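Trainee: Have a look at this one.
The values are calculated or read from the model by the stated rules, or taken from the named source; none is laboratory data. Please read all numbers here as calculations on a predicted model, not as lab measurements. Because the Cβ atoms are built from the backbone with ideal geometry, glycine has one as well, and the counts that use them run over all protein chains shown. What goes into the accessible areas is simple: the full protein's heavy atoms, side chains included, and nothing from ligands, DNA or RNA. Shrake-Rupley method; radii C 1.70, N 1.55, O 1.52, S 1.80 Å.
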There are 2 protein chains.
Amino acid sequence: MQRKPIDILIVDDHPMVIEGLKTLLSDDERVSVKTHFINGTDTLSYLEKDTADVILLDVNLPDINGVEMVTKILNIRANVGIIGLSTYSEPSIINQMIKNGVKGYLLKNATADELVNAISQVQQGNFYFGSEVQKILADSVTQESTDLPKLTRREKHVLTLIAEGKTTNNIAEELFISPLTVETHRRNLMQKLEVSNAASLIKVAVEKKLI
Amino acid sequence: MQRKPIDILIVDDHPMVIEGLKTLLSDDERVSVKTHFINGTDTLSYLEKDTADVILLDVNLPDINGVEMVTKILNIRANVGIIGLSTYSEPSIINQMIKNGVKGYLLKNATADELVNAISQVQQGNFYFGSEVQKILADSVTQESTDLPKLTRREKHVLTLIAEGKTTNNIAEELFISPLTVETHRRNLMQKLEVSNAASLIKVAVEKKLI
DNA sequence: ATCAATATACTGGAAAACCAGTAGAAAAAA
DNA sequence: TTTTTTCTACTGGTTTTCCAGTATATTGAT
């Protein structure tokens, strides 16, 4: 029994990846690449008129970031399955993507087999994550929330300024607030992030990809 | 006059990139992809027995880093043209690659045209850099050496410890030296890296991929 | 063997960061 | 509207970093 092939949409700004995916998928008659886009905007406007079964979505698009893309896509087509694709594995991003509703996630070193597997699983409504991705997910559970203890907007702002190497006084000038206030923010940041100096603060900020 | 096609070697650990490159290059009869490898070791042992005209070399291989690969390849086959490939543009890496002898550098969002162009230029002994890469090179000239002003081994070590958020005294204990010495190192580091506090120091260290 | 670079260590003083506690105003949430 | 959170700001005291200059032992290179 030959079923209708799964319609695939590829979204990636790298021509060589697009071609690669098409080639890898062309050998398998269960899937059929419908079309491809090299940015988020075009993808979304396409989805307004037409749809697909599964979208292979590069996380690093030139215009819209991957996490937002997931939300926007599912807003338009709630039934489409999204598989995230990225070169490197960034726990926080992957976690956010999953929260927003991706059904699968693969690194770009995935094989054709993994790819087709992921697609058919996702099309059936299941989840599929590459082996490396699974490790990351496991880690992020053990480390009980890789994501940061909610910082306020102001705190994040101050944190980025600290990370830029600005001194308390510099920051105070830039934000038109008292240096004492800046210090309070820094103190609260250190407390929230459980560190004891500005250096560690930046280390954490870098780790959590805050800056 | 139909010349002998340029023999290409692809080195990349992403199946989809390999397939993509093959597809993109298959349309052009001036080039011919000889074979491909997914790691550095296999590539080098191949080059011991056989050669190619141009190597498309992914900078982020699983076993050997791109910069070293260039040196090793040219050690075996001095006449081969190497084109670096990477997803993101990292000035320091690109600069090092060029120093070590790559003849071209492209980001993975390069088009088929750019790719073939780069290959034929490099094969003729010329240089070819993608437009984004050229911008970076221009910037790094203006910023007079994006690469770090030689740090001593000890200084690098101290820098990493600072970046880990350790205090001067911690570091002193860890290295069995006086806190005053650690401070001197830190001072010299700040001078060399042209910053004025530990926070910036870490920022720079992160930027330069020292840690 | 000698010279240069590196790693080590100190003094002393100024500046900035760090700690603890408090508290009013503004904005957001209930 | 009331409550809570966030942003703001202060006092006062401790610790650490930052700056400038100096100096010796240990490497490494020629």
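Trainee: Any idea how many residues of the stretch B:20-49 are open to solvent by 20 Å² or more (accessible area, probe 1.4 Å) and more than 14 Å from chain A (Cβ to nearest Cβ)?
Mentor: Residues meeting the conditions: 12.
Trainee: Let me ask something additional. Would you mind finding the one in B:GLU194, B:GLU164, B:GLU174 that is within 8 Å of chain A (Cβ to nearest Cβ), more than 9 Å from DNA strand D (Cβ to nearest atom) and open to solvent by 80 Å² or more (accessible area, probe 1.4 Å)?
Mentor: Unique residue meeting the criteria: B:GLU164.
Trainee: Taking A:HIS185 and the conditions (1) more than 11 Å from chain B (Cβ to nearest Cβ); (2) out of contact with any Ser or Thr (no Cβ under 8 Å at 6 or more places or on another chain); (3) surrounded by fewer than 16 Cβ atoms within 10 Å (Cβ to Cβ), which numbered condition does it fall short on, given that it satisfies the others?
Mentor: Exception for A:HIS185: condition (3).
Trainee: So, in the stretch A:154-202, exactly how many residues are more than 9 Å from DNA strand C (Cβ to nearest atom), in contact (Cβ under 8 Å) with a residue 12 or more places away in the chain and of a type in the set (Ser, Thr, Tyr)?
Mentor: 1
Trainee: Then there is this: Quick one: how many residues across the stretch B:85-103 are within 14 Å of chain A (Cβ to nearest Cβ) and within 18 Å of B:GLN121 (Cβ to Cβ)?
Mentor: Residues in the stretch B:85-103 being within 14 Å of chain A (Cβ to nearest Cβ) and within 18 Å of B:GLN121 (Cβ to Cβ): 1 in total.
Trainee: What number of residues within the stretch B:1-60 are small (Gly, Ala, Ser) and outside the structural domain of B:THR111 (by TED's automatic domain parsing)?
Mentor: Matching residues across the stretch B:1-60 total 0.
Trainee: Among the residues of the stretch A:112-164, which ones are at pLDDT 80 or above and among the hydroxyl-bearing types (Ser, Thr, Tyr)?
Mentor: Once the filter is applied, which keeps residues that are at pLDDT 80 or above and among the hydroxyl-bearing types (Ser, Thr, Tyr), the stretch A:112-164 yields A:SER120, A:TYR128, A:SER131, A:THR152, A:THR160.
Trainee: With respect to B:ASN126, determine if the residue is surrounded by fewer than 18 Cβ atoms within 10 Å (Cβ to Cβ) and closer than 26 Å to A:ILE18 by Cβ.
Mentor: no
Trainee: While we're looking at this one, here's another question. Taking B:ALA52 as the residue in question, decide whether it is within 17 Å of B:GLN123 (Cβ to Cβ), open to solvent by less than 50 Å² (accessible area, probe 1.4 Å) and part of a loop (DSSP other than H, G, I, E, B).
Mentor: yes
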